[in-house]
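The values are calculated or read from the model by the stated rules, or taken from the named source; none is laboratory data. Model, not experiment: these values are computed from the prediction. Note: ideal-geometry Cβ built from the backbone for every residue, glycine included; neighbour counts use all protein chains shown.
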Amino acid sequence: MTLITFDERNQVFHLSNKTISYIIGLERAAYLSHLYFGKAIKRYHNSRKYPLIDRSFSPNPAGLPLKTRDFSLDVLPQEMPSHGHGDFRNPAVQIKQVNGSSITDFVYDSYEIIAGKPALKRLPATYVESDSEAETLVITLVDRLLDLTLKLSYTIFADRQVIARNSFLENKGQESVIIKKIASASLDLVSQDLELISLAGRHNKEREIERQTVQRGTRIIDSKRGSSSHQANPFIALVSSKTDEFTGTAIGLALVYSGNHEMLVERDQFEQTRVMAGINPFSFEWELAPSQSFQSPEALLVFSDQGLNGMSQAFHDVLQNRLARGKFRHADRPILINNWEATYFDFNTDKIKAIVDGAADLGIELFVLDDGWFGKREDDTSGLGDWFENTDKLSGGLAGISDYVHGKNMSFGLWFEPEMVNADSDLYRAHPDYALQIPNRSISTSRDQYVLDFSRKDVRETIIARMRHILDTVNIDYIKWDMNRSLTDVYSSTLDSANQGEVFHRYVLGLYEMLETLTTEYDHILWEGCSGGGGRFDPGFLYYMPQSWTSDNTDAVERLDIQYGTSLLYPISSMGSHVSVVPNHQTHRVTGLDIRGDVAMSGVFGYELNVQDMTIAEKVTVSEQVAFYKQHRQLLQYGKFHRLVSPFETSHAAWLFVNPDKSQAIAFYFRKFAESAGPLHTIKFAGLDPEKVYQVNGEASYGGDELMHVGIYLDPFMVGDYQSRKFVIDEVI
Ligand code: GLA
């Protein structure tokens with residue numbers, strides 16, 4: 001199947017599959033213009049030829065064979081714009097040269113179409129399992145004066161609504177240059193009707209959906225924290241004002257990167273909108289010596305004409321099937337119990353065994369021992385870095401606990417925070433230089449800890465050796481990889497002063513190298529990412545770890561927003577979600593066990609409490625929840641997810657999971673607040689087969705079309721706040 005063509009006569013590249021087209025023009029044999037990204041076009045005849053207009057104050061680039069006053073980069077929708085020859089919008093690439101100039105002139109040189117999708121060196125990226133799954137267009141641009149080569153890669157998958165892009169710069173010249181900025185993807189949209197959706201947040205309130213009209217000027221969603229952050233997820237969507245969950249167009253843009261990112265949206269004077277994603281140019285400078293190259297992270301672009309659900313489902317599909325890797329990519333994820341909220345640091349072997357006993361009786365499958373099992377770690381002020389088991393606290397040691405857990409037919413998991421060190425630790429006392437720090441200045445603390453300089457191989461190797469020792473001597477099935485502060489004092493003692501702008505990115509590269517090593521070596525382990533909850537819930541991390549702790553906030557009501565927002569980009573199989581006690585430890589809210597269970601089983605299910613403290617009735621409910629989840633686990637972890645009602649717009653929420661042949665679906669409805677003498681509410685389902693007949697909760701039967709378009713009334717006698725309902729929808733055969 002041909003997915004990419006080049007039309008010589010019109011000088012147009014067309015990437016197309018059954019659902020989407022991405023079209024690039026070659027203007028004046030020199031500049032790449034962005035012509036179209038949207039619904040598939042069978043044969044493109046160059047209808048979107050950019051009108052040439054002589055605009056005032058719009059300069060004409062020098063390097064063209066035929067200079068005309070009506071061709072200006074100031075207005076041309078482009079693919080990889082730069083500054084300095086007439087485009088006054090935000091550049092995608094900026095490179096400083098020995099003579100002090102940061103102006104480059106990258107012009108078209110050649111192209112190549114490759115079967116499949118080449119891997120990215122040292123960076124996470126989507127992949128193919130056979131070359132027939134995708135084609136990649138590599139367009140080479142050159143700056144002839146500097147002898148720099150910029151290769152832009154575009155992969156189109158045969159069966160996915162996704163374009164994967166990246167940029168690769170090679171210095172073939174004689175002098176070093178400094179990369180100040182290199183975007184992974186940039187495109188200019190000509191539609192004026194655009195709204196921007198982003199996922200903003202904070203610790204305990206991650207990924208809240210924000211939507212605003214795109215207006216003139218620049219809006220930047222970025223992280224300067226060294227990680228993708230709770231505050232600004234590396235994702236944006238550009239939608240029409242009419243787009244909702246089910247209808248309308250959406251372009252989603254996600255960056256496969258876990259460090260400082262910049263997602264940029266700029267509306268120009270003519271109401272065109274530039275959209276860009278890449279490493280944050282803030283505090284970034286990368287020296288590229290002769291014959292060296294630089295690989296940008298990957299950006300993923302999705303087009304949907306079926307609303308936000310269509311966009312999310314396309315992202316879920318690619319993230320789950322062609323970004324996540326390893327044995328757990330499609331495997332049943334175990335129901336876990338974690339001792340953090342049950343004990344915090346205050347535990348010993350007996351307490352842990354009691355939690356395990358209770359959990360085993362109720363059918364829970366994995367016990368995770370959280371923070372506090374190592375070094376001198378009685379609270380969060382000491383011990384990080386000393387990854388040696390604390391046998392005073394845990395008589396019988398980790399191996400004893402692991403054996404005990406396995407003896408109960410459960411698997412055993414352990415918490416690590418490998419990137420950090422406390423000042424009060426043996427590691428720091430022996431190697432104070434291992435922490436990121438600026439010469440002659442004291443280091444800023446956060447949760448009383450410092451960040452290890454993971455740009456340094458020796459530092460990483462010390463931690464790897466300590467982790468290996470534990471992993472080789474204790475039978476461990478799961479690891480939670482935590483990271484509980486943002487990066488400050490970013491400076492590496494091993495780099496020259498001229499190269500300090502590289503530290504943020506080198507940290508991420510070092511981290512990725514370590515994750516690659518450990519997750520390959522210990523590929524039988526289920527790895528879960530975490531950063532104070534969901535502070536590093538990003539596509540880059542998903543490549544190494546198929547699931548992530550969604551938020552430290554386990555309150556069922558606040559979780560509705562968090563999980564709804566997270567699902568905009570991330571598959572359900574990646575979202576760790578646990579039932580905890582009430583009053584909830586984060587909000588002090590009291591909710592019923594049913595809604596806590598229903599919210600948690602809308603993700604990768606688990607508990608974070610001591611079941612021994614529960615009443616008999618509560619234990620019965622837990623065992624029912626566990627049994628229900630086990631029975632429907634495939635559907636709940638890997639079914640097609642449809643958001644139905646947004647908790648951001650109403651005081652309700654609803655969503656639904658459908659299996660591949662649409663013979664079964666499970667929907668959840670949640671009500672935050674009761675209304676006195678309120679209106680009647682209906683729920684309309686989605687994603688069912690209109691031709692099929694379904695039974696709802698084993699009772700009445702309805703047509704699929706009826707359930708989707710007419711809907712059913714919600715229980716009018718539901719009382720109280722924080723209610724939830726499940727609908728198990730089975731095809732009647
Ligand atoms: C972070 C995590 C929690 C827990 C604590 C332990 O906050 O998100 O789940 O592991 O660290 O210190």
Only one of (1) in contact (Cβ under 8 Å) with a residue 24 or more places away in the chain; (2) within 15 Å of the ligand (Cβ to nearest atom); (3) surrounded by fewer than 19 Cβ atoms within 10 Å (Cβ to Cβ) does not apply to N390, and that is (1)
Please go through segment 321-338 and give me each residue that is away from the ligand (no atom under 16 Å from the Cβ), touching a residue at least 12 places away in the same chain (Cβ under 8 Å) and either buried (at least 17 other Cβ atoms within 10 Å of the Cβ) or in a helix (DSSP H, G or I) (or both), ordered by number.
R322, L323, A324, R325, G326, F328, R333, P334, I335
Just for segment 86-127: of the residues that are over 32 Å from the mean Cα position of the chain (by Cα) and part of a strand (DSSP E or B), which one is farthest from E285 (Cα to Cα)?
S110
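Find the strands (runs of 3 or more DSSP E) located wholly in segment 1-74 whose residues include 3 or more that are of a type outside the set (V, I, T), at negative phi and touching a strand residue (DSSP E or B) at 6+ places or on another chain (Cβ under 8 Å), and list them.
Working: elements: 4-7, 12-16, 20-27, 31-39.
Where strands (runs of 3 or more DSSP E) fall fully within segment 1-74 and carry at least 3 residues being of a type outside the set (V, I, T), at negative phi and touching a strand residue (DSSP E or B) at 6+ places or on another chain (Cβ under 8 Å), they are 12-16, 20-27, 31-39.
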Which of the residues belonging to segment 394-407 are assigned to a loop (DSSP other than H, G, I, E, B) and either surrounded by fewer than 16 Cβ atoms within 10 Å (Cβ to Cβ) or within 16 Å of the ligand (Cβ to nearest atom) (or both)?
S395, G396
With the structure loaded, tell me whether G375 is out of contact with any helix residue (DSSP H, G or I) (no Cβ under 8 Å at 6 or more places or on another chain), touching a residue at least 12 places away in the same chain (Cβ under 8 Å) and at positive phi or whether it fails that test.
no
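Results for (1) part of a strand (DSSP E or B); (2) of a type outside the set (S, T, Y); (3) over 24 Å from Y22 (Cα atoms), shown as yes or no for each residue.
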position: Q212; (1), (2), (3): yes, yes, yes
position: N233; (1), (2), (3): yes, yes, yes
position: I251; (1), (2), (3): yes, yes, no
position: A254; (1), (2), (3): yes, yes, no
position: R274; (1), (2), (3): yes, yes, no
position: P290; (1), (2), (3): no, yes, yes
position: L301; (1), (2), (3): yes, yes, no
May I ask you to say which residue of A627, A617, A653 is touching a residue at least 24 places away in the same chain (Cβ under 8 Å), closer than 21 Å to V579 by Cβ and loosely packed, with under 15 Cβ neighbours inside 10 Å?
A627
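Here is a list: E341, E285, E298. Which entry is acidic (D, E), under 31 Å from the mean Cα position of the chain (by Cα) and buried (at least 22 other Cβ atoms within 10 Å of the Cβ)? Walk me through it before giving the result.
Details: E341 fails: buried (at least 22 other Cβ atoms within 10 Å of the Cβ); E285 fails: buried (at least 22 other Cβ atoms within 10 Å of the Cβ).
Going through E341, E285, E298 in turn, the sole match is E298.
Tell me, which residue of segment 419-430 that is in contact with a Gly (Cβ under 9 Å, 6 or more places away or on another chain) and of a type outside the set (A, V, I, L, M) is nearest to the ligand (Cβ to nearest atom)?
Per the stated criteria, the residue is N422.
Report, by residue number, each residue of segment 543-554 that is buried (at least 24 other Cβ atoms within 10 Å of the Cβ) and not aromatic (F, W, Y).
In the first step, residues of segment 543-554 are kept if they are buried (at least 24 other Cβ atoms within 10 Å of the Cβ); the result is 543, 545-551, 554.
M545, P546, Q547, S548, T550, S551, T554 - these are the residues of segment 543-554 that are buried (at least 24 other Cβ atoms within 10 Å of the Cβ) and not aromatic (F, W, Y).
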Residue by residue through segment 344-393, note down the ones that are within 18 Å of I479 (Cα to Cα), part of a loop (DSSP other than H, G, I, E, B) and among the aliphatic types (A, V, I, L, M).
I364, L384
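Yes or no: T149 buried (at least 22 other Cβ atoms within 10 Å of the Cβ), touching a strand residue (DSSP E or B) at 6+ places or on another chain (Cβ under 8 Å) and closer than 22 Å to F294 by Cα?
no
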Can you find a residue in segment 149-171 that is under 25 Å from G100 (Cα atoms) and among the aromatic types (F, W, Y)?
yes
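For D523, indicate whether it is at pLDDT 95 or above, within 16 Å of the ligand (Cβ to nearest atom), closer than 26 Å to D332 by Cα and among the acidic types (D, E).
No; evaluated as a whole, the condition is false for this residue.
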Mind listing whichever residues of segment 570-596 are β-branched (V, I, T) and outside any loop (DSSP other than H, G, I, E, B)?
I572, V579, I595
May I ask you to list the residues in segment 82-101 that are out of contact with any Ser or Thr (no Cβ under 9 Å at 6 or more places or on another chain) and of a type in the set (S, T, Y)?
S101
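For D453, are the conditions met, namely being farther than 24 Å from M545 by Cβ and either of a type in the set (D, E, K, R) or within 16 Å of the ligand (Cβ to nearest atom) (or both)?
no
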For segment 618-629, does any single residue satisfy the condition of being modelled with pLDDT of 95 or more and within 16 Å of the ligand (Cβ to nearest atom)?
no
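Go through segment 410-422 and give me each residue that's closer than 15 Å to N484 by Cβ and either of a type in the set (A, V, I, L, M, F, W, C) or part of a loop (DSSP other than H, G, I, E, B) (or both). Outline the logic, then answer.
First, the residues of segment 410-422 that are closer than 15 Å to N484 by Cβ: 415-422.
Once the filter is applied, which keeps residues that are closer than 15 Å to N484 by Cβ and either of a type in the set (A, V, I, L, M, F, W, C) or part of a loop (DSSP other than H, G, I, E, B) (or both), segment 410-422 yields W415, F416, E417, P418, E419, M420, V421.
Kindly provide the set of residues from segment 439-450 that are within 31 Å of the chain's Cα centre (by Cα) and at negative phi, ordered by number.
Going through segment 439-450, the residues within 31 Å of the chain's Cα centre (by Cα) turn out to be 443-450.
Answer for segment 439-450, where residues must be within 31 Å of the chain's Cα centre (by Cα) and at negative phi: I443, S444, T445, S446, Q449, Y450.
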Which residue pairs have Cβ atoms closer than 8 Å, lie 6 or more positions apart in sequence or on different chains, and pair a first residue in segment 582-609 that is over 12 Å from V557 (Cα atoms) with a second residue that is within 16 Å of the ligand (Cβ to nearest atom) and aromatic (F, W, Y)?
E608/W340
With D357, D370, D350 as the choices, which residue is within 16 Å of the ligand (Cβ to nearest atom) and either charged (D, E, K, R) or touching a Cys at 6+ places or on another chain (Cβ under 9 Å) (or both)?
D370
Scanning segment 344-353 for residues that are buried (at least 17 other Cβ atoms within 10 Å of the Cβ) and of a type outside the set (V, I, T), which turns out farthest from F374 (Cα to Cα)?
K353
Matching residues in segment 527-550 (within 16 Å of the ligand (Cβ to nearest atom) and outside any loop (DSSP other than H, G, I, E, B)) number 9
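Could you tell me how many of the residues in segment 477-497 are of a type in the set (A, V, I, L, M, F, W, C) and within 16 Å of the ligand (Cβ to nearest atom)? Explain how you work it out, then say what you get.
Looking only at segment 477-497, we keep the residues that are of a type in the set (A, V, I, L, M, F, W, C), and these are 479, 481, 483, 487, 490, 495.
In the following step, the residues that additionally are within 16 Å of the ligand (Cβ to nearest atom) were identified as 479, 481, 483.
Qualifying residue count for the region: 3.
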For L509, work out the one condition from (1) under 22 Å from H261 (Cα atoms); (2) hydrophobic (A, V, I, L, M, F, W, C); (3) out of contact with any Lys or Arg (no Cβ under 8 Å at 6 or more places or on another chain) it doesn't fulfil.
(3)
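Can you give me the ranges of the strands (runs of 3 or more DSSP E) entirely in segment 613-699 with at least 1 residues that are within 30 Å of T343 (Cβ to Cβ)?
Numbers: elements: 640-645, 652-658, 664-671, 693-696.
Per the criteria, 664-671.
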Residue match in segment 451-473 (condition: within 26 Å of the chain's Cα centre (by Cα), closer than 30 Å to E608 by Cα, in contact (Cβ under 8 Å) with a residue 40 or more places away in the chain and not in a helix (DSSP H, G or I))
yes
